[in-house]
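Notes to accompany the following structure.
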Amino acid sequence: MAFALYYEARPFIEALDLKRDNAFEKFQLFKRRKGADGPEVLLFITGPDSINSAAAVAYICAKYPPGPEDFLVNTGICAGRTLAQKGQMYRIHTLCDLAANRWFYPDMFLISGTYPEESLATVPVPAKTMAGLPCTLADMEGAGVYQAAQMFFKQHQLLFFKAVFDLPDMDDTQGSGTLPEQVSNLLEKFASELLEALFKAHETCMSNMAGETAAFSEEEAAAERDFARRLRATAAMAGQLHQMLYYEKLKGTDVKQFLEDFSKKHGFDMCDSKKEGTKWLDRLRDEL
């Protein structure tokens with residue numbers, strides 16, 4: 001689990017009874033071993049902004065290489081646009097690195113609680129206004145975490161959750177207590193519930209991996225290749241397509257028939273460009 005600041009992480013450290021690894025000097029690292037009450041957990045503090053967060057994720061993953069059973073979860077506070085968002089937790093389905101104008105789309109296949117979904121812009125300095133931002137939420141580290149993590153994890157292993165703490169465009173008077181106390185109190189409301197949801201998602205992932213016996217038939221594999229060809233898919237897009245179809249296969253879906261039905265329903269044919277193919281891939285993801 002990756003947090004920008006210690007006081008964001010404190011409720012999770014306490015809920016999991018994590019212990020500080022004092023031998024680890026580069027970043028604050030907290031651990032617990034796998035047990036009857038859940039999987040092994042590594043929690044680390046990245047520091048604010050994209051550069052710090054990307055460096056922390058890359059360093060931790062190099063020291064502790066993740067496997068197919070691992071998740072990387074980034075959570076913490078963010079800025080919101082409307083009063084209705086204040087104090088709410090959201091799962092992030094889209095990230096925008098505003099400095100580089102790059103967009104990223106974590107897979108949303110694993111169910112992790114019932115949190116509403118929103119988009120998140122990562123900005124280089126604290127947001128003074130939400131006006132002009134292309135997303136409904138804003139933070140300083142999410143896109144940095146994603147860009148470093150995607151070198152070590154597959155898309156479905158990356159999970160992002162943000163709680164709205166401030167509203168830059170409103171007279172946003174905070175509650176009592178110091179700023180660190182207010183942040184910790186907000187995230188404490190969600191810690192137990194979110195951890196329970198994540199542990200259930202991990203169990204689902206492990207069960208799927210244990211039951212990974214159903215390979216694609218020759219017809220299904222051919223249908224996947226043809227669909228990727230019509231998408232003009234890059235290697236990364238083809239990998240995303242396969243991950244989507246693999247989850248459908250685990251649910252017992254006939255992948256060939258599913259792709260045929262999707263193409264017929266939406267009139268999908270050969271794309272003119274990779275950009276158009278990306279839009280169709282997003283549409284397939286939305287339908288799933």
**Asked** Is it true that some residue in the stretch 150-162 is of a type outside the set (A, V, I, L, M, F, W, C), within 24 Å of residue 7 (Cα to Cα) and surrounded by fewer than 19 Cβ atoms within 10 Å (Cβ to Cβ)?
**Response** no
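Does the stretch 273-282 contain at least one residue that is touching a Lys or Arg at 6+ places or on another chain (Cβ under 6 Å) and either farther than 19 Å from residue 107 by Cα or open to solvent by 70 Å² or more (accessible area, probe 1.4 Å) (or both)?
Yes, because at least one residue in the stretch 273-282 is touching a Lys or Arg at 6+ places or on another chain (Cβ under 6 Å) and either farther than 19 Å from residue 107 by Cα or open to solvent by 70 Å² or more (accessible area, probe 1.4 Å) (or both).
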**Item:** Flag for residue 165 being within 14 Å of the chain's Cα centre (by Cα) and either of a type in the set (A, V, I, L, M, F, W, C) or modelled with pLDDT of 95 or more (or both)
**Value:** no
**Message:** Just to be sure I understand the filter: pairs with C-beta atoms under 9 Å, separated by 6 or more residues or on different chains, first member in the stretch 133-146 and under 10 Å from residue 79 (Cα atoms), second member basic (Lys, Arg) and surrounded by fewer than 24 Cβ atoms within 10 Å (Cβ to Cβ). Which pairs pass?
**Reply:** 136/81; 137/81; 138/81
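Can you name the residue in the stretch 8-41 that is within 28 Å of residue 123 (Cα to Cα) and open to solvent by less than 60 Å² (accessible area, probe 1.4 Å) and, of all such residues, is modelled with the lowest pLDDT?
Among residues in the stretch 8-41 that are within 28 Å of residue 123 (Cα to Cα) and open to solvent by less than 60 Å² (accessible area, probe 1.4 Å), the one modelled with the lowest pLDDT is 27.
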**Asked** Do you know which residues across the stretch 119-138 are closer than 17 Å to residue 93 by Cβ and open to solvent by less than 10 Å² (accessible area, probe 1.4 Å)?
**Response** 120, 121, 122, 135, 137, 138
**Message:** What's the total number of residues in the stretch 251-272 that are modelled with pLDDT of 90 or more and surrounded by fewer than 13 Cβ atoms within 10 Å (Cβ to Cβ)?
**Reply:** 9
**Asked** So which of 224, 248, 219 is assigned to a helix (DSSP H, G or I) and open to solvent by 50 Å² or more (accessible area, probe 1.4 Å)?
**Response** 219
**Request:** Restricting attention to the stretch 80-107, report how many residues are surrounded by fewer than 18 Cβ atoms within 10 Å (Cβ to Cβ), in a loop (DSSP other than H, G, I, E, B) and under 13 Å from the mean Cα position of the chain (by Cα).
**Result:** 1
**Prompt:** Take the residues of the stretch 42-53 that are modelled with pLDDT of 95 or more and open to solvent by less than 30 Å² (accessible area, probe 1.4 Å): which is farthest from residue 17 (Cα to Cα)?
**Reply:** 53
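The values are calculated or read from the model by the stated rules, or taken from the named source; none is laboratory data. Model, not experiment: these values are computed from the prediction. Cβ sites come from the backbone with ideal geometry, for glycine too, and all protein chains shown count toward neighbours. Accessible surface is based on the protein model in full, side chains and every heavy atom, while ligands, DNA and RNA are left aside. Shrake-Rupley method; radii C 1.70, N 1.55, O 1.52, S 1.80 Å.
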